[in-house]
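Colleague: Here it is: the structure, laid out below.
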Amino acid sequence: MGHDLTLGRTGLSGAVAFFSSLWALFGGCVLLVVVAINVLSVLGGIVWRPFPGDFELTEIGVAVAVFAFLPYCQISGANVTADIFTARAGRRTIAAFSLLAAIAATLVAGLLLWRMTFGLLDQKNYGYTTAILQVPLWWGYCVILVSLSLLVLTALVSLKEAIHGVAGHAHG
């Protein structure tokens, strides 16, 4: 049986969940490539010569992968929470906290997207590259901005769901 990539959602929310799931799988593939590069580098150091630029590719690859996981964590509710504070809280209180968390996530995601866009422009304008392979750093920012755009969308879906949750508890 396959995994539901929409996470049980339909419509636009389901599409956002679907693409977030695919994007997280992409992040996992990037990590596999990073691991392969590091294995080649270690074996190369033992058998022939190390893989040049392995540290640079690892740095960019891990950053891209981490950002690729953020939208999935948001849409699936897999972010770190402090359940100890809400263990004895009622459903209405938990719904209110979920709403506050969704508002915070939306604001932080928007702020990150806004500032990282300027980071991309700076990296591109100044022509920053890695030291050994001369890979332009702005390339990684492009992929990260896709992740952050998706994070904004997942945060908005979470916000919409939290508003419905609060409204449902206020009337129920």
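Colleague: Expected output is a single nm value to one decimal: the length gained when fully extending between Asn79 and Trp114, i.e. 0.36 nm times separation in residues minus the C-alpha distance. What is it?
Modeller: My answer for the length gained is 10.4 nm.
Colleague: For the chain, take every pair of Cα atoms, bin their distances at 5 Å starting from 0, and report each bin as a whole percent.
Modeller: Reading upward from the zero bin: 2, 8, 13, 15, 16, 13, 11, 8, 6, 4, 2, 1, 0, 0.
Colleague: Further, regarding this structure: Compute the accessible area per residue over the chain, keeping the other protein chains in place, probe 1.4 Å, unit Å².
Modeller: Values: 10750 Å² over 172 residues.
Per-residue accessible area for the chain comes out at 62 Å².
Colleague: Still on this model: Note the angle between two axes, namely the Cα long axis of helix 54-76 and the longest principal axis of the Cα atoms of the chain, as a number of degrees from 0 to 90, rounded to the nearest 10.
Modeller: It is inclined by approximately 10 degrees.
Colleague: Expressed as an acute angle from 0 to 90° and rounded to the nearest 10, what is the orientation of the C-alpha long axis of helix 138-171 relative to the principal long axis of the chain?
Modeller: Between helix and principal axis, roughly 10 degrees.
Colleague: Let me ask another. Rounded to the nearest whole Å³, what is the per residue volume of the convex hull around the Cα atoms of the stretch 1-67?
Modeller: Convex hull volume per residue, Cα atoms: 78 Å³.
Colleague: Can I ask one more? Using helices alone, what [θ] at 222 nm do you get for the chain, with -39,500 (n - 2.57) per DSSP H run of 4 or more residues, divided over all residues and rounded to the nearest 500?
Modeller: It lands at -27500 deg cm²/dmol.
Colleague: Under 8 Å for C-alpha pairs, at least 6 residues apart: give me the relative contact order for the chain, rounded to a whole percent.
Modeller: Across the chain, relative contact order equals 28 percent.
Colleague: Which of the trypsin sites (Lys or Arg not before Pro) found in the stretch 58-117 are in a DSSP loop and have at most 13 neighbouring Cβ atoms, other than their own, within 10 Å?
Modeller: Arg88
Colleague: How large, in percent, is the carbon and sulfur part of the accessible surface of the stretch 2-105 at a probe radius of 1.4 Å?
Modeller: Using a 1.4 Å probe with all protein chains present, the stretch 2-105 comes out at 73 percent carbon and sulfur.
Colleague: From largest to smallest, what semi-axes in whole angstrom does the stretch 93-172 give when each is the square root of 5 times an eigenvalue of its alpha carbon gyration tensor?
Modeller: 38, 9, 8
The values are calculated or read from the model by the stated rules, or taken from the named source; none is laboratory data. Fair warning: this is a prediction, and the values are worked out from it, not measured in the lab. Counting neighbours? That spans all protein chains shown, and the Cβs are built from the backbone with ideal geometry, glycine included. Accessible surface areas use protein heavy atoms only, side chains included; no ligands, DNA or RNA. Shrake-Rupley method; radii C 1.70, N 1.55, O 1.52, S 1.80 Å.
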